[in-house]
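The structure is given below, and queries will be raised subsequently.
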Amino acid sequence: MDAFSLLLGGFAEALTPMNLLWCLIGVVLGTAVGVLPGLGSAMAVAMLVPVTFKLDPTGAFIMFAGVYFGGQFGGATTAILLNTPGQSSSLVTAFEGYQMARRGRAAQALATAVIGSFLSSIAAVALVSFFAPSLVDLAVNFGPAEYFALAVFAFLATSAVVSGDALRGLASLGIGLALAVVGIDEQSGATRLAFGSPQLLDGISIVVITVGLLAIGEVLHVASTAGKRPATGTIESGRPWMSRDDLRRSWRPWIRGTAVGLPFGAIPAGGSEIPTFLSYGAEKRLAARRGSSEFGSGAIEGVAGPEAANNATVATSLVPLLGLGLPTSATAAIMLGAFQQYGIQPGPLLFTEEADLVWALLASLFVGSVMLLVLNLPFAPIWAKLLKIPNNYLYAGIVVFATLGVYAAKSSLTDVILMYCIGFLGLLLRRFDFPIAPVLIGAILGPLAESELRRAMAISQGEIGILFDSPIALGLYGIILAALVIKVVGTLRARTTRQREDRKAGV
């Protein structure tokens with residue numbers, strides 16, 4: 001009841017006209033930058049920090065939080081329409097969302113993404129408001145061994161379990177890990193896979209990898225097969241709203257995605273990429289059990305689950321930021337710097353020393369989620385009409401859009417060249433039926449796995465047993481083992497059934 005009364009006080013502060021205005025500005029700006037590859041909410045917050053010093057801290061952080069939430073909402077728009085995620089956290093949405101758009105179901109994909117984002121955001125903010133101390137304890141319990149186990153779990157879940165072909169999935173994972181280690185090793189100072197090029201010493205940005213593989217790779221693949229398949233003309237935008245069947249198929253993935261995403265925001269484990277991949281894998285396995293074959297060709301569950309998981313991490317990522325002073329994303333890191341600029345030190349005492357600011361901020365997240373739903377849901381059919389643009393103009397626009405987005409991130413021509421090289425790699429992967437998802441998860445989580453493994457080995461002085469001392473780590477390894485056993489048993493059963501049918505057909 002104490003938390004409830006404090007939250008009501010936060011609503012009284014957040015619903016003042018000026019704070020409502022800052023929240024609206026934040027969510028609109030966040031949505032705008034969310035659809036632009038290479039920009040994202042971190043850059044928007046960074047640009048706003050210098051111009052908000054004259055605002056009171058509450059208004060400034062309400063606007064920052066609006067940008068943070070809006071960026072997660074907006075990132076799905078171009079992922080679905082153009083196969084170009086505005087944020088790396090939306091890249092999983094592109095797998096099924098873009099295929100839905102190609103089938104004339106862009107409006108339904110956008111609607112399920114928006115509604116799922118709204119519901120998961122509300123659930124996450126409510127959890128933070130009433131259970132923040134427990135979530136802080138969860139964050140404190142994660143050490144190097146747990147982080148490494150989590151990364152391994154994501155690697156194998158994506159490559160060996162989610163992918164149809166385990167061998168190709170592991171090969172794709174290896175490519176992603178190779179991309180992740182390019183540049184100077186931060187701990188030893190050694191140069192890795194730079195091939196003598198000074199431009200590669202800083203490594204390859206995840207924005208470059210994501211846009212190159214998904215956007216440029218798709219454009220090159222379409223161009224390379226243009227003469228081998230009948231012309232499709234324009235992609236129809238389809239009916240404007242979700243049907244009863246769409247809602248029936250989406251509500252369970254929304255709940256499951258939210259449940260998967262909630263704990264991940266509270267631990268520094270690479271942001272929202274891991275839960276989106278895990279949610280996608282869970283929905284794909286459940287669909288396979290039901291005998292559904294839509295995954296890979298536009299399954300609405302593959303949009304609903306990952307988008308809910310994505311947005312569930314945003315609110316819970318404020319727990320380590322506010323309760324421990326520990327940022328779990330680039331945007332949270334910039335917000336931490338903004339707190340310090342105002343002379344506020346996030347930590348366990350923040351909820352008592354700056355209670356008015358904290359509870360107004362949490363209340364504004366509820367308000368911002370409602371604003372984003374009202375702003376985005378009615379525009380889903382309008383955004384979908386972009387797909388009526390003829391394919392040649394549409395794909396040319398994707399190339400221009402992707403090039404400008406990558407160049408704007410660092411004003412680097414090298415990044416643009418790398419994007420096209422990785423796009424050609426994406427073409428080869430598609431040509432030879434190698435999955436794209438393991439490449440992305442390897443590139444995103446490779447540095448995390450490497451750094452945490454080194455930390456664990458340094459703490460234990462080389463004793464590998466430290467990786468198995470934690471109950472959390474053992475639980476994750478147990479899930480991995482069980483999933484692999486189920487995968488192998490299922491494959492053997494399918495092979496036995498096929499051989500039995502072949503023998504009967506021969507008889």
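The values are calculated or read from the model by the stated rules, or taken from the named source; none is laboratory data. Treat the numbers as computed from the prediction; the structure is a model and nothing was measured. So basically every Cβ, Gly included, is an ideal-geometry build from the backbone, and we count neighbours across all protein chains shown. Side chains are part of the model used for accessible areas, which takes the heavy atoms of the whole protein and leaves out ligands, DNA and RNA. Shrake-Rupley method; radii C 1.70, N 1.55, O 1.52, S 1.80 Å.
Considering only residues of region 187-201 that are touching a residue at least 12 places away in the same chain (Cβ under 8 Å) and part of a loop (DSSP other than H, G, I, E, B), which is farthest from residue 418 (Cα to Cα)? Working first, answer last.
First, pick out the residues of region 187-201 that are touching a residue at least 12 places away in the same chain (Cβ under 8 Å): 187, 193-194, 199-201.
Those left that are additionally part of a loop (DSSP other than H, G, I, E, B): 187, 193-194, 201.
Numbers: 187: 25, 193: 14, 194: 12, 201: 13 Å.
Ranking the candidates gives 187 first.
Which residues, counting only those in region 287-310, are modelled with pLDDT of 85 or more and part of a helix (DSSP H, G or I)?
Within region 287-310, 301, 302, 303, 304, 305, 306, 307, 308, 309, 310 meet the criteria.
Residues to consider are 482, 473, 494; find the one that is assigned to a helix (DSSP H, G or I) and open to solvent by less than 30 Å² (accessible area, probe 1.4 Å).
On the way: 482 fails: open to solvent by less than 30 Å² (accessible area, probe 1.4 Å); 494 fails: open to solvent by less than 30 Å² (accessible area, probe 1.4 Å).
Matching residue, one of 482, 473, 494: 473.
Does residue 406 satisfy the criteria of being open to solvent by less than 30 Å² (accessible area, probe 1.4 Å), within 25 Å of residue 200 (Cβ to Cβ) and touching an Asp or Glu at 6+ places or on another chain (Cβ under 6 Å)? Step through it out loud before you land on a result.
On the way: open to solvent by less than 30 Å² (accessible area, probe 1.4 Å): yes; within 25 Å of residue 200 (Cβ to Cβ): yes; touching an Asp or Glu at 6+ places or on another chain (Cβ under 6 Å): yes.
For residue 406, the condition - open to solvent by less than 30 Å² (accessible area, probe 1.4 Å), within 25 Å of residue 200 (Cβ to Cβ) and touching an Asp or Glu at 6+ places or on another chain (Cβ under 6 Å) - is met.
Here's a follow-up. Which residue pairs have Cβ atoms closer than 6 Å, lie 6 or more positions apart in sequence or on different chains, and pair a first residue in region 164-178 that is at pLDDT below 85 with a second residue that is open to solvent by 60 Å² or more (accessible area, probe 1.4 Å)?
Note: pairs meeting the criteria are 168/434.
Just to be sure I understand, how many residues within region 9-28 are crowded, with 17+ Cβ neighbours inside 10 Å and of a type in the set (Ser, Thr, Tyr)?
Residues meeting the conditions: 0.
Let's see how each residue does on (1) surrounded by 20 or more Cβ atoms within 10 Å (Cβ to Cβ); (2) among the basic types (Lys, Arg); (3) modelled with pLDDT under 85:
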{"site": "53", "(1), (2), (3)": "no, no, yes"}
{"site": "81", "(1), (2), (3)": "yes, no, yes"}
{"site": "88", "(1), (2), (3)": "yes, no, yes"}
{"site": "116", "(1), (2), (3)": "yes, no, no"}
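Sticking with this one: Output the residues belonging to region 175-195 that are under 22 Å from the mean Cα position of the chain (by Cα) and open to solvent by 80 Å² or more (accessible area, probe 1.4 Å).
If the condition is that a residue be under 22 Å from the mean Cα position of the chain (by Cα) and open to solvent by 80 Å² or more (accessible area, probe 1.4 Å), then no residue fits.
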